[in-house]
Amino acid sequence: MDSAWDELTLAFSRTSMFPFFDIAHYLVSVMALKHQPGAEAVALRNPLSSWFTAMLHCFGGGILSCVLLAEPPLRFLANHTNILLASSIWYITFFCPCDLVCQGYSFLPVQLLAAGMKEVTRTWKIVGGVTHASSYYKNGWIVMIAVGWARGAGGTIVTNFEQLVKGSWKPETEEWLKLSYPAKVTLLGSVIFTFQHTKYLSISKHNLMFFYTIFLVTTKITMMLTKTSVSPFASFEDILGRMLFGRQQQFSTCGKKNEIKSSFNGTGSSTSKPTIDASDKVKKKHTKKTE
Amino acid sequence: MDSAWDELTLAFSRTSMFPFFDIAHYLVSVMALKHQPGAEAVALRNPLSSWFTAMLHCFGGGILSCVLLAEPPLRFLANHTNILLASSIWYITFFCPCDLVCQGYSFLPVQLLAAGMKEVTRTWKIVGGVTHASSYYKNGWIVMIAVGWARGAGGTIVTNFEQLVKGSWKPETEEWLKLSYPAKVTLLGSVIFTFQHTKYLSISKHNLMFFYTIFLVTTKITMMLTKTSVSPFASFEDILGRMLFGRQQQFSTCGKKNEIKSSFNGTGSSTSKPTIDASDKVKKKHTKKTE
Amino acid sequence: MDSAWDELTLAFSRTSMFPFFDIAHYLVSVMALKHQPGAEAVALRNPLSSWFTAMLHCFGGGILSCVLLAEPPLRFLANHTNILLASSIWYITFFCPCDLVCQGYSFLPVQLLAAGMKEVTRTWKIVGGVTHASSYYKNGWIVMIAVGWARGAGGTIVTNFEQLVKGSWKPETEEWLKLSYPAKVTLLGSVIFTFQHTKYLSISKHNLMFFYTIFLVTTKITMMLTKTSVSPFASFEDILGRMLFGRQQQFSTCGKKNEIKSSFNGTGSSTSKPTIDASDKVKKKHTKKTE
């Protein structure tokens, strides 16, 4: 029975992403691009720019990991089959008469299927990134974590940067001031797979891939169904935050010093406004805790 | 006679860019920099920064193609002769007493000669980029097109990015929201030379270089003489846009849906304002067509 | 006696930076980060982002030189010991109860010691950068200067760029519009060590390192004690500026042309406002000189 289970997970871990899972990933990415304000107008005025942005949405993680390892960022263009696939999906998504694709995509089951399959590709990307980085730095487990994270969730960073260069950057959507849930779960997966790769975790890779993928898909689909945006890690993060960064006592005992300092900063420069509000928010949260 | 013709084009394709054509390219680039608002003040306050910007203007395309192929962006600094040439041109352009260079450059024939010679260097850059990329990716013709394009017309992207980092970015001059004419013609040339390189085009390289350069120079000089900014490809692009992206019928049949969507976007976010206006413009243009 | 002197400088030039000087460098960098407005609030809301920024502050120069030489920017993550050291210093600096570290650092002697040791690491970084670049480009002395400069003083550029991407960029702190004193002195050192490396300077490297470090430390400490921000090179720069860029006569003879041009620029675009003011300032300064 154990062997049968192993066979199952082994077969799963050997599934090829190529035709179907990649299509789902490209579809979800291009749809996310299309629902950005003004994306359709850009596609009509300048299809080349829209195509370029779509490619960044589809291959952003790979590009970022290439940059971090000093490999040609254009490498993804050498894989003609995937480029053709992504381009055709971009084409039918944006220029299909009367938005047939969008109307088909607006059905919830389709969205759930596509989102679930996209999460499967995430696992493969993380594993690929970790293995790739380990070929550069034999024991550089921090590098492995970073590259796995970048390939798994770096697409948002690349697209945010592209929006910044294009001038249509929205600072609310900053990826590294408040980590989104996908970024967090990808970081977790990257850490796990790095530990497995460096033999700190005594579990076979295919089992780990199976379980992690199941976890990804189920959480994603439940979050889509319950339309909740609260992360399952919230409580865990809170405990960790208290343990490591001792928020409470720092604020309870030395709150005045911080207030003085931050108010001083407030007068110091003009850019500190939002951060000050945030710090006040944090303070409120924690004083509420202490009560 | 055919052999004589071949000899001519072969000799042309073997012309060395080094002393004179490079000088013309540097002169045009530095002049474009000097005519930017405030460039002279920067040159007086901080010559080093002005020199750095001038180098970016002169070698931007090469730097971008190096970045895209993960080669040292500083490589251009190892070519001391060209650096010295460009630096001296930057020096006499900015610090020649009483602007003698600018006054000499203000004569139309000088400008025409310099611009024509700069266009010649463009051909050489595209060919160099395509050949260079093919040494990395044997059959990656998309990469060849991208690198040839980057080396031929990437200077504007690099300088725009530098202005963005310096804080003096003008979003109107965005290179990939509305492709400038040089960008378009360079893309065309990059595609042609890539097809020639991958043997899809059965024409000898020196003939192609000759014809493409003639085309570049003539169009550039006619555009300078007639002060027209309309691209020769406009009608061709329009036909292509209708064929590929079916603008008309999409707008005639499903116009309402788009309007609703775009108005929704308008309320959705603050950044969508310009794009919405643009989409309205597009809509007007096409409704005019349909009338 | 000469041999004794040589032995001393040789022993000095072989001092290992690892435990103590690196600690001082990390401490000064993290303190500079902590005194930025809102840095503490970010550290509480999102420790990961704060840690990343701290790493950029500590290893920025190395990252920039890696990028310039097309090496993996993540390489610094493979050096686990230094990462651990910098991370622990970041941790005790930000999360030590009641800011014990800050209070200890607020004593002037501690600051002087840390700043002096940080300047020592600067010499080692410049030498390392020059040697590293010379392994790529045998005679590319411009590249050596650039890489040495980047590794010695590039941290500010990296952190400024990170602030730009984060949206909290302060254009006043631009590093290449008005070079800060550390940038200037690092450039000087990079030039000197490049000349020494390319045998244009007939002085042994360990002597040069000794003298340059003494110069760095003394100037830094005197500037900290006298709270002066005027650069020792000011007069030298002024003479050089007059010799090379003939500011005076250009302004005295052709001042009107410039005024007309700049006023034209003022109407030309919206971004030219600050630069115009600056040019006016320059003009005033020089007209004062000519009077």
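The values are calculated or read from the model by the stated rules, or taken from the named source; none is laboratory data. As the structure is a computational prediction, the values presented were derived from the model and not from experiment. Don't worry about glycine lacking a Cβ; one is built from the backbone with ideal geometry, like all the others, and counts go over all protein chains shown.
Within 13 Å of chain C (Cβ to nearest Cβ) and surrounded by 19 or more Cβ atoms within 10 Å (Cβ to Cβ), is that true of B:A24?
Details: within 13 Å of chain C (Cβ to nearest Cβ): no; surrounded by 19 or more Cβ atoms within 10 Å (Cβ to Cβ): yes.
Considered against the rule, which asks whether it is within 13 Å of chain C (Cβ to nearest Cβ) and surrounded by 19 or more Cβ atoms within 10 Å (Cβ to Cβ), B:A24 comes out as no.
Restricting to region A:56-83, give me the number of residues that are under 17 Å from B:M144 (Cα atoms), of a type outside the set (G, A, S) and at the interface with chain B (Cβ under 10 Å from one of its Cβ atoms).
Of the residues in that region, 10 qualify.
Looking at C:F236, C:F193, can you tell me which residue is of a type in the set (A, V, I, L, M, F, W, C) and closer than 15 Å to C:W124 by Cβ?
On the way: C:F236 fails: closer than 15 Å to C:W124 by Cβ.
Sole residue among the options that is of a type in the set (A, V, I, L, M, F, W, C) and closer than 15 Å to C:W124 by Cβ: C:F193.
How many of the residues in region B:1-19 are among the β-branched types (V, I, T) and touching a His at 6+ places or on another chain (Cβ under 7 Å)? Don't jump to the end; show me each part of the working.
Taking region B:1-19 and keeping what is among the β-branched types (V, I, T), we get B:9, B:15.
Next, from what is left, pick out any that are touching a His at 6+ places or on another chain (Cβ under 7 Å): B:9.
Residues in region B:1-19 being among the β-branched types (V, I, T) and touching a His at 6+ places or on another chain (Cβ under 7 Å): 1 in total.
Does region A:111-121 contain any residue that is touching a Lys or Arg at 6+ places or on another chain (Cβ under 9 Å) and under 23 Å from C:L64 (Cα atoms)?
No: region A:111-121 contains no residue that is touching a Lys or Arg at 6+ places or on another chain (Cβ under 9 Å) and under 23 Å from C:L64 (Cα atoms).
Mind counting the residues in region C:56-84 that are surrounded by 21 or more Cβ atoms within 10 Å (Cβ to Cβ) and under 16 Å from the mean Cα position of the chain (by Cα)?
Count: 9.
Would you check if there is a residue in region A:176-191 being aromatic (F, W, Y) and modelled with pLDDT under 80? Outline the logic, then answer.
Applying the first criterion (aromatic (F, W, Y)) to region A:176-191 yields A:176, A:181.
Filter again for modelled with pLDDT under 80, leaving A:176.
Yes, because at least one residue in region A:176-191 is aromatic (F, W, Y) and modelled with pLDDT under 80.
Just to be sure before I move on: is B:S50 small (G, A, S) and within 12 Å of chain C (Cβ to nearest Cβ) in the structure I sent?
yes
With the requirement that a residue be free of Cβ contacts under 8 Å to residues at least 24 places away in the same chain, surrounded by 19 or more Cβ atoms within 10 Å (Cβ to Cβ) and closer than 24 Å to C:P47 by Cβ, what does region A:178-235 give you?
A:L179, A:I192
Could you list all residues from region C:54-93 that are touching a Leu at 6+ places or on another chain (Cβ under 6 Å) and either within 21 Å of A:E237 (Cβ to Cβ) or not assigned by TED's automatic domain parsing to the domain that holds C:F161 (or both)?
Across region C:54-93, the qualifying residue is only C:A54.
So, in region A:47-86, exactly how many residues are of a type in the set (S, T, Y) and either under 16 Å from A:F18 (Cβ atoms) or touching a His at 6+ places or on another chain (Cβ under 8 Å) (or both)? Walk me through it before giving the result.
Keep residues of region A:47-86 that are of a type in the set (S, T, Y), which gives A:49-50, A:53, A:65, A:81.
Subset that is either under 16 Å from A:F18 (Cβ atoms) or touching a His at 6+ places or on another chain (Cβ under 8 Å) (or both): A:65, A:81.
Final tally of qualifying residues: 2.
Yes/no matrix, rows are residues, columns are (1) at pLDDT 90 or above; (2) of a type in the set (K, R); (3) closer than 30 Å to C:L69 by Cβ:
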| residue | (1), (2), (3) |
| --- | --- |
| A:D22 | yes, no, no |
| A:H35 | no, no, no |
| A:L68 | yes, no, yes |
| A:T81 | yes, no, no |
